[in-house]
Amino acid sequence: MNSFLAKISGRQIIEMSRSEINPSLEVIKMGEKLVLNSSNANYSFGGLHRVFQKVFKKIHLSDRNMEDVLILGFGAGSILAIMQEELGLRCHFTAVEIDPEVIRLGRAYFDIDRYDRLQLIEADAATFMKENKGSFDLIIVDVYIDFEVPESCETTNFVNDLQRGLNPGGMVLFNKLVYNYHAKQSARELMNKFNMLDGDARMIKVKENVVNRIIVYET
């Protein structure tokens, strides 16, 4: 019965896993495509992939002059795949992923080692930014445990660390999933923190199953 349902839905579970950070991880084949999911959210190559495709188009990312990009919350490499393989951007990418099991699944099923300009670091995003000495033209924050952004990544200190890590003229893209009233209020509070910084901040709404609010901050 399970194989029959998988056949008619086009959905096949390739591997189920878990870690101390993520109690449920699934690599799923949807048609001819593999996606990585947690219990309640897509981590890579599903709805999240489409969200960032739309965001990058809205902000004309391919027209920006960038050399160094930081991705906080790498997952299985969805954001990097869009930037390097779909948009043809030849930047140097530093990526931070906290969960070693997500990295393992990324290597086993999504060939993340194929990227020749990637430095992948296993670390907590907030700790990485606190200790960061580098600077970037673009910082993308897509840090989630299931469908929640860790509290440590919504603090004033973290937002200040993001600003400190930007080159002049740099940009932050912060993905915030809005699925209920509390999440909506949380997004507003986070936006207020960016509005306190020197520079320009705005919010882009993208709907893909649920609403994602992407904070765009530029120095």
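The values are calculated or read from the model by the stated rules, or taken from the named source; none is laboratory data. Keep in mind it's a predicted model, so treat the numbers as computed, not measured. Note: ideal-geometry Cβ built from the backbone for every residue, glycine included; neighbour counts use all protein chains shown.
Scanning segment 88-108 for any residue that is closer than 26 Å to Val210 by Cβ, surrounded by fewer than 19 Cβ atoms within 10 Å (Cβ to Cβ) and touching a strand residue (DSSP E or B) at 6+ places or on another chain (Cβ under 7 Å) turns up at least one such residue.
Is it true that some residue in segment 11-25 is under 13 Å from the mean Cα position of the chain (by Cα) and among the polar types (S, T, N, Q)? Checking segment 11-25: not a single residue is under 13 Å from the mean Cα position of the chain (by Cα) and among the polar types (S, T, N, Q).
Within segment 50-84, the set of residues being out of contact with any Phe, Trp or Tyr (no Cβ under 9 Å at 6 or more places or on another chain), in a helix (DSSP H, G or I) and surrounded by fewer than 22 Cβ atoms within 10 Å (Cβ to Cβ) comprises Arg50, Gln53, Lys54, Val55, Phe56, Lys57, Lys58, Leu61, Asp63.
If you go through segment 39-49 and keep only what is in a loop (DSSP other than H, G, I, E, B) and either surrounded by 24 or more Cβ atoms within 10 Å (Cβ to Cβ) or touching a Gly at 6+ places or on another chain (Cβ under 9 Å) (or both), you end up with Ala41, Phe45. All of (1) of a type outside the set (Phe, Trp, Tyr); (2) over 20 Å from Glu148 (Cα atoms); (3) within 12 Å of the chain's Cα centre (by Cα) hold for Val51 with one exception: (2). Specify the residue that is farthest from Glu122 (Cα to Cα); the eligible residues are those in segment 166-180 that are free of Cβ contacts under 8 Å to residues at least 40 places away in the same chain and more than 12 Å from the chain's Cα centre (by Cα). Among those that are free of Cβ contacts under 8 Å to residues at least 40 places away in the same chain and more than 12 Å from the chain's Cα centre (by Cα), it is Asn180. Within segment 181-211, the set of residues being of a type in the set (Val, Ile, Thr) and at pLDDT 95 or above comprises Ile204 only. Based on what the data block shows, is Gln163 in contact (Cβ under 8 Å) with a residue 12 or more places away in the chain and part of a helix (DSSP H, G or I)? Here the answer is yes, as Gln163 does meet what is asked.
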